[in-house]
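Heads up: the structure comes next, in structure tokens.
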Amino acid sequence: MTDTLLYAGAGLLVGTMVGLTGVGGGSMMTPILMLLFGQSPSVAVGTDLLFSATTKLAATASFGFSRRVDWPIVGRLLLGSVPGSAAVVIGLWLARHTPSAADAITSRSIAIILLVTAVALIFQMQLQRVGLKITARALVHVERHKILLTALAGLTLGVAVTLTSVGAGALGVTALIFLYPRLPLARIVGSDIAHAVPLTAIAGLGHWWLGDVNGGLLVSLLVGSLPGIFLGSFAAALVPEKVVRYILAAVLLLVGGKLVF
């Protein structure tokens, strides 16, 4: 009973952060499951992927019905992310006879992606300005290859998210800001969330097939996360998003550093 309440409390914390910023689900939940609850990296990643897919489904409906999702961009991302996710699942299946090595690779990958995510959160606006400059100087070339570049961004996200469960939010938003700097931020966030749902669902089902999902833990996390998302969404109007983003980045730097060292 005590463990269930602790898991629900973790879900509440992460759900609140997601409601505040739209990012931070996998970035926070996977380290919490590993460092505080002693879950193996593989189980932490697999459980968190299905947790993320479920919590972001409602957000996608909200963004989609209000026409804040650019569905062509979502399709371009999926062109790369689905094959990337499948490749990682197959790789993990092939490594199933050496679980300690797979966990070591996963743990180190999580640390690296956490640090990259923290940097992306801190320099998000600067990357948007760089994207605008590149687009202005090479508009024809950028537009000509934008589908390919978006698919490559999706491939990178598919590999990173399936291996670590981290990056679907912050890294996806940062990539879209760089590639589509003139797109309103609300549509970028909406498109990123819409892409994250099928990506995390596919990756999560792959981990479930591998036996890396704790069903009871997943249910407990969801019980806490749903009210947390509501609270975070309400508080978002009261707390400056930039402040929350910097706090989240600082937490990710600390956790990523701990996992590295």
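Pro31: modelled with pLDDT under 90, over 28 Å from Ile188 (Cβ atoms) and either surrounded by 23 or more Cβ atoms within 10 Å (Cβ to Cβ) or β-branched (Val, Ile, Thr) (or both), yes or no?
On the way: modelled with pLDDT under 90: yes; over 28 Å from Ile188 (Cβ atoms): no; either surrounded by 23 or more Cβ atoms within 10 Å (Cβ to Cβ) or β-branched (Val, Ile, Thr) (or both): yes.
No: the conditions fail for Pro31.
If you check every pair at least six apart or on different chains, which have Cβ atoms under 6 Å apart with a residue in region 139-152 that is modelled with pLDDT under 60 first and a residue that is assigned to a helix (DSSP H, G or I) and surrounded by 12 or more Cβ atoms within 10 Å (Cβ to Cβ) second?
Between residues of region 139-152 that are modelled with pLDDT under 60 and residues that are assigned to a helix (DSSP H, G or I) and surrounded by 12 or more Cβ atoms within 10 Å (Cβ to Cβ), the close pairs are Val142/Thr135.
Cβ-Cβ below 7 Å, separation at least six or inter-chain, first residue in region 185-213 and farther than 27 Å from Trp93 by Cα, second of a type in the set (D, E, K, R) and at pLDDT 85 or above: which pairs?
Partner pairs satisfying both residue conditions: Arg187/Asp70; Ser191/Asp70.
Does Ser233 meet the test of being out of contact with any Phe, Trp or Tyr (no Cβ under 8 Å at 6 or more places or on another chain), part of a helix (DSSP H, G or I), modelled with pLDDT under 90 and among the polar types (S, T, N, Q)? Working first, answer last.
On the way: out of contact with any Phe, Trp or Tyr (no Cβ under 8 Å at 6 or more places or on another chain): yes; part of a helix (DSSP H, G or I): yes; modelled with pLDDT under 90: yes; among the polar types (S, T, N, Q): yes.
When the stated conditions are applied, Ser233 passes them.
Of the conditions (1) more than 16 Å from Ile110 (Cβ to Cβ); (2) part of a loop (DSSP other than H, G, I, E, B); (3) of a type outside the set (Ser, Thr, Tyr), Ile177 fails just one. Which one is it?
Failed condition: (2).
Residues of region 75-115 being of a type in the set (S, T, N, Q), farther than 18 Å from Ile32 by Cβ and buried (at least 19 other Cβ atoms within 10 Å of the Cβ), which ones?
Residues of region 75-115 that are of a type in the set (S, T, N, Q), as a first pass: 81, 85, 98, 100, 106-107, 109.
Still in the list and also farther than 18 Å from Ile32 by Cβ: 81, 85, 98, 100.
Scanning region 75-115 gives Ser81, Ser85.
I'm trying to understand the selection: among the residues of region 176-193, which are surrounded by 24 or more Cβ atoms within 10 Å (Cβ to Cβ) and either modelled with pLDDT of 85 or more or acidic (Asp, Glu) (or both)?
Answer for region 176-193, where residues must be surrounded by 24 or more Cβ atoms within 10 Å (Cβ to Cβ) and either modelled with pLDDT of 85 or more or acidic (Asp, Glu) (or both): Leu176, Ser191, Asp192.
Could you check how many residues of region 88-103 are in contact (Cβ under 8 Å) with a residue 60 or more places away in the chain and of a type outside the set (Phe, Trp, Tyr)?
The qualifying residues number 6.
Residues to consider are Leu132, Leu115; find the one that is part of a helix (DSSP H, G or I) and at pLDDT 80 or above. Lay out the reasoning, then the answer.
On the way: Leu132 fails: at pLDDT 80 or above.
Unique residue meeting the criteria: Leu115.
The values are calculated or read from the model by the stated rules, or taken from the named source; none is laboratory data. Please read these numbers as outputs of a predicted model, since none were measured by experiment. Glycine also receives a Cβ, built like all others from the backbone with ideal geometry; neighbour counts cover every protein chain displayed.
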